[in-house]
Structures are given as structure tokens and as C-alpha cells.
């Protein structure tokens with residue numbers, strides 16, 4: 001599919017083109033708000049002029065801390081027009097992690113929503129460079145003792161007193177955003193992503209998912225995440241389609257919001273499909289507007305989900321650092337458990353601990369390199385050692401484990417850092433979770449290792465029960481016994497109200513590991529000795 005996008009295009013160039021070719025078409029749809037391509041182009045011009053008046057210049061990194069609101073996208077595009085780089089800060093960050101993300105930019109100014117001022121004030125003493133905040137929201141008055149100057153966020157209409165800011169000539173390989181990894185196993189790393197990266201990933205989405213100009217691409221996850229900004233907003237910009245952004249994922253509110261948005265495509269991650277699948281069936285489940293949903297993982301009940309909701313599920317593999325190098329081919333039947341095959345823009349291999357290729361069927365670390373420029377993260381900003389370590393021996397090391405069959409299909413196994421070592425065997429937490437979630441009374445689950453009295457690890461699983469359901473741990477283990485290898489069978493079961501998650505639906509397993517084994521834990525060996 002030819003999209004007519006030049007490889008030298010930047011976001012401002014593409015936005016201006018869409019404002020001319022599709023001026024009155026809805027580009028951004030939020031609950032209660034719609035903006036056309038022309039309106040977004042104009043609004044980002046107004047913001048660019050104001051930000052220039054505030055001293056923001058080409059190459060400057062500017063932290064952005066906002067929930068899923070139209071101002072997030074307009075601000076990002078305005079900073080692009082100035083040649084500045086948007087540091088998209090995770091809105092759930094608190095304490096030292098938040099101070100680190102803000103100071104990483106070495107900026108004296110940040111753009112923030114009023115609803116998120118309190119977390120900033122709590123780390124005020126730790127921030128070393130920021131002394132001005134552009135505040136979107138009801139209050140821009142600084143409380144007594146606040147060391148940051150508060151500045152009003154510009155209105156949408158042009159202020160005639162502002163001079164039109166000069167528009168620097170940006171290049172496709174110039175950075176446009178610093179986007180943070182989840183940081184579930186260590187400090188979050190800021191991936192430096194170029195204009196070409198975000199546009200090319202959008203083009204690849206359009207090509208390999210066969211997205212259409214009349215699609216409404218719906219994302220209920222944060223805009224600071226790859227799925228929201230790069231894989232939803234940008235494909236809509238490339239195509240001239242509509243990006244529909246929800247406030248947050250809610251199992252009970254998901255399908256009503258899909259209907260209200262008119263969504264034809266949505267993305268999923270983590271346990272979202274499981275939660276939707278385990279909700280009580282309705283007679284009108286198939287009467288929705290969606291034709292395709294993409295994400296990871298596609299669960300074992302995929303065929304039933306597709307029939308029930310009358311849509312197609314597509315799995316892929318990628319990360320903020322590497323982009324999306326693996327897609328499930330749409331013209332071939334799904335292979336159970338596979339995320340697809342490598343596309344031609346990338347080279348992907350599986351390596352052992354010595355960076356040597358593993359044989360088909362064996363588990364190895366996914367390593368990636370591009371076959372064209374600027375389609376992977378340029379670096380981890382301010383973390384040169386981490387950048388070199390991840391890119392050793394001319395390959396980017398993802399930290400993810402997978403198998404590959406003889407036909408080149410990849411099967412995700414799990415994170416290397418989440419691998420459980422039990423009595424000489426490496427165990428995939430992901431594969432345990434897949435089985436546990438099949439139990440009819442289980443809504444959500446997370447598997448992890450806890451210290452064993454025999455050295456190495458014992459397997460523990462935290463369980464969230466479906467509403468009104470009661471989990472009998474011994475029955476759960478019997479359910480798993482015929483579906484898991486003996487060494488993978490959990491020893492401990494911990495029934496919890498909810499799993500601790502990041503805003504991008506990743507389980508914070510370190511929180512569960514710290515909770516550990518206690519009076520709240522069911523112990524299989526204490527129950528049946530097996």
C-alpha cells in the first residue's frame with residue numbers, strides 16, 4: 001500500500017498536508033470533544049507561538065505531564081513545530097522516579113495539567129532545573145512557598161499580540177519525543193524517538209493491519225505510551241483517519257465507549273481481553289462497530305472471543321525501543337501462541353547468553369536491528385551505559401525470550417528478568433499465567449518466583465477472582481495440573497483484590513514479590529505434599 005508519505009517527512013509537514021487534504025475531517029475524538037485536522041493544525045500553531053515567547057527553542061527537551069486530553073496532542077505537535085523534543089512523562093510516576101524523569105531533560109520549563117500539580121510539588125526539592133510550569137486547568141496560582149513560576153496554558157484561539165514564531169527546518173532523523181519504558185524491573189529509561197520512527201511505525205501499522213481511511217482507531221491507554229501517541233494518533237495522521245482516545249481502560253465501560261466513539265479498530269494489552277471475555281455475555285455482544293483488534297497477548301480463547309464479538313484479533317510484537325518488527329500475517333491462519341513473523345523492515349534473531357543463535361524450537365533472547373534508518377530508538381537519553389549494553393555486538397537486546405519454529409513464526413515466552421528458576425529449570429511466568437487465566441473463576445493472574453528453601457525459586461501466583469466467584473486454591477492447582485508441566489505447577493497461591501498495575505496495564509511484579517509468602521498465602525506443599 002502506497003501512502004504517499006516521503007521518507008523525509010516530519011510531523012509538522014504531515015499535519016500541514018492533512019490540514020489541506022482533509023481540513024474538515026475529524027482527526028481527534030475524545031469523550032465530548034472532536035477536532036478536525038485543520039483545527040489541530042491551527043491550535044498547535046497558536047501553542048507554538050506562545051511556547052516560543054516563553055523561550056522554548058529547537059532541540060530543547062520539554063517535559064509534558066498530562067492525562068488523555070486534546071491538549072496533550074496539540075502540545076506535542078506545537079513543540080514539534082518549534083523543533084523541540086517532548087518528554088512524555090508517565091502520569092503515574094511519583095517521588096524519585098518522577099524527579100528523575102523531569103530532571104533528565106535539563107529543562108527550566110515543563111507543561112503540566114492542573115490535576116497533576118501535587119505530585120510535582122511533592123518532589124519540588126528534588127527537581128534541580130525546572131522553575132517554570134505552564135499549567136493547563138482551573139488554577140495557575142502558585143501556593144505560598146512554591147518555587148516554580150506558574151504560567152497560563154494558552155487558549156485555542158490565536159492571540160494577535162503574539163508574533164508568529166519562526167519554524168525551524170526539522171529533519172526526519174531529528175528527535176521528536178522521549179518516551180519512557182515501563183520501568184517494572186528497574187529505573188525507567190527514556191527512549192529517544194525521531195520523526196521518522198513515529199511516522200514509519202504508523203506506516204507499518206497501516207500496511208500490516210490493513211487500516212483504512214474510514215477507520216476510527218480507538219485507544220483506551222495513556223497517550224504517553226507507544227500505543228496511544230505513536231500507534232493510534234500517528235496512523236490516523238498518516239491515513240487521514242480518526243484517532244479516538246479514551247480516558248482509561250474500564251472493563252464495564254469499554255463497549256459503551258466503543259459505541260460512543262464509533263470505533264472500528266482498538267488495541268489491547270495485558271489482561272484486557274480476559275476481563276472483556278469473562279464479563280457476562282449479552283445478546284448484543286456481536287452488535288458493535290469493531291472489525292479488528294490488535295495487541296498482545298492473544299489468549300487461547302481467541303476464536304471464541306472473535307465469534308462472540310464479531311471481530312478479528314491480531315497479535316504482533318514490539319517495544320518502544322525497537323518498534324514493531326513482528327506481525328501476524330493477515331492472509332494466513334493464526335498459529336496458536338505465535339505473535340507472527342518478521343517484516344522486511346527489520347532483522348530479528350534469537351540469541352543465547354553468548355550472543356550466538358539458537359536452533360529452531362529453542363528459547364533465546366529476541367535481538368533486533370533495522371534494515372532502514374531511524375526506525376528504532378536512537379538512545380536511552382542520559383544513560384550512555386544502558387544504551388551501549390542494550391546495543392552490544394551490533395544488535396539491540398530486548399530482554400524478551402521467544403521460540404521460533406521452522407517456518408519463521410515467533411512464540412513469545414516472557415521477559416528474561418521475569419524468568420523463574422526452579423530446581424534447574426527455567427520457567428516462563430507468561431506461560432503459567434496463560435493457563436491460570438483459563439480457569440472460569442479467575443479474572444486476572446500473575447506468576448512470579450519467590451525464594452525457595454531448596455535454593456533458587458518456588459512458583460507463586462497471585463489471583464484475582466471474577467465478581468461473586470470464590471477461588472479454591474486446591475481446585476485451581478488441579479485445573480492446572482493437566483495443563484502445565486510438573487515443574488511449572490505453582491506452589492503458592494495468593495488471592496488478592498486486584499493486581500498492582502502500571503497505567504499501561506503491566507503488572508508491577510516487584511510489589512507482589514515484596515508482599516511475598518505470608519498468612520495470606522495458600523501453600524500446596526502444606527496441603528497435599530505434591
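The values are calculated or read from the model by the stated rules, or taken from the named source; none is laboratory data. Predicted model, so just to flag it, every value in this text is computed and none were measured. Glycine gets a Cβ as well: all are built from the backbone with ideal geometry, and neighbour counts include every protein chain shown.
Report yes if residue 350 is part of a strand (DSSP E or B), in contact with a helix residue (DSSP H, G or I) (Cβ under 8 Å, 6 or more places away or on another chain), touching a residue at least 40 places away in the same chain (Cβ under 8 Å) and not assigned by TED's automatic domain parsing to the domain that holds residue 179, otherwise no.
It is false that residue 350 is part of a strand (DSSP E or B), in contact with a helix residue (DSSP H, G or I) (Cβ under 8 Å, 6 or more places away or on another chain), touching a residue at least 40 places away in the same chain (Cβ under 8 Å) and not assigned by TED's automatic domain parsing to the domain that holds residue 179.
Which of the residues belonging to segment 122-154 are under 22 Å from residue 70 (Cβ atoms), at pLDDT 80 or above and out of contact with any helix residue (DSSP H, G or I) (no Cβ under 6 Å at 6 or more places or on another chain)?
Selection gives 133, 134, 150, 151, 152, 153.
Residue check: is residue 305 farther than 30 Å from residue 25 by Cβ, touching a strand residue (DSSP E or B) at 6+ places or on another chain (Cβ under 8 Å), modelled with pLDDT of 95 or more and not in a loop (DSSP other than H, G, I, E, B)?
Yes.
Any residue at all in segment 378-399 that's outside any strand (DSSP E or B), touching a helix residue (DSSP H, G or I) at 6+ places or on another chain (Cβ under 7 Å), touching a residue at least 12 places away in the same chain (Cβ under 8 Å) and closer than 30 Å to residue 487 by Cβ?
No; the residues of segment 378-399 include none that is outside any strand (DSSP E or B), touching a helix residue (DSSP H, G or I) at 6+ places or on another chain (Cβ under 7 Å), touching a residue at least 12 places away in the same chain (Cβ under 8 Å) and closer than 30 Å to residue 487 by Cβ.
Looking at segment 157-190, which of the residues that are modelled with pLDDT under 80 and under 30 Å from the mean Cα position of the chain (by Cα) is surrounded by the fewest Cβ atoms within 10 Å (Cβ to Cβ)?
186
Can you tell me which residue within segment 404-423, out of those that are assigned to a strand (DSSP E or B) and over 23 Å from the mean Cα position of the chain (by Cα), is modelled with the lowest pLDDT?
421
Only one of these is within 23 Å of residue 234 (Cα to Cα) and surrounded by fewer than 16 Cβ atoms within 10 Å (Cβ to Cβ): 330, 313, 292, 324. Name it.
Of 330, 313, 292, 324, the one residue that is within 23 Å of residue 234 (Cα to Cα) and surrounded by fewer than 16 Cβ atoms within 10 Å (Cβ to Cβ) is 330.
Please indicate, with yes or no, whether at least one residue in segment 191-214 is modelled with pLDDT under 95 and buried (at least 24 other Cβ atoms within 10 Å of the Cβ).
Within segment 191-214 (the criterion being modelled with pLDDT under 95 and buried (at least 24 other Cβ atoms within 10 Å of the Cβ)), the answer is no, since none of the residues qualifies.
Do any strands (runs of 3 or more DSSP E) entirely within segment 430-530 hold 2 or more residues that are surrounded by 19 or more Cβ atoms within 10 Å (Cβ to Cβ), and if so, which?
By residue number, 442-451, 457-465, 492-495.
May I ask you to verify whether residue 263 is touching a helix residue (DSSP H, G or I) at 6+ places or on another chain (Cβ under 6 Å) and either surrounded by 22 or more Cβ atoms within 10 Å (Cβ to Cβ) or without any contact (Cβ under 8 Å) to a residue 12 or more places away in the chain (or both)?
Judged against the criteria, residue 263 is not a match.
Residues that are outside any loop (DSSP other than H, G, I, E, B), modelled with pLDDT under 95, in contact with a helix residue (DSSP H, G or I) (Cβ under 7 Å, 6 or more places away or on another chain) and more than 27 Å from residue 292 (Cβ to Cβ): does segment 356-366 have at least one?
No, there is no match, as no residue in segment 356-366 is outside any loop (DSSP other than H, G, I, E, B), modelled with pLDDT under 95, in contact with a helix residue (DSSP H, G or I) (Cβ under 7 Å, 6 or more places away or on another chain) and more than 27 Å from residue 292 (Cβ to Cβ).
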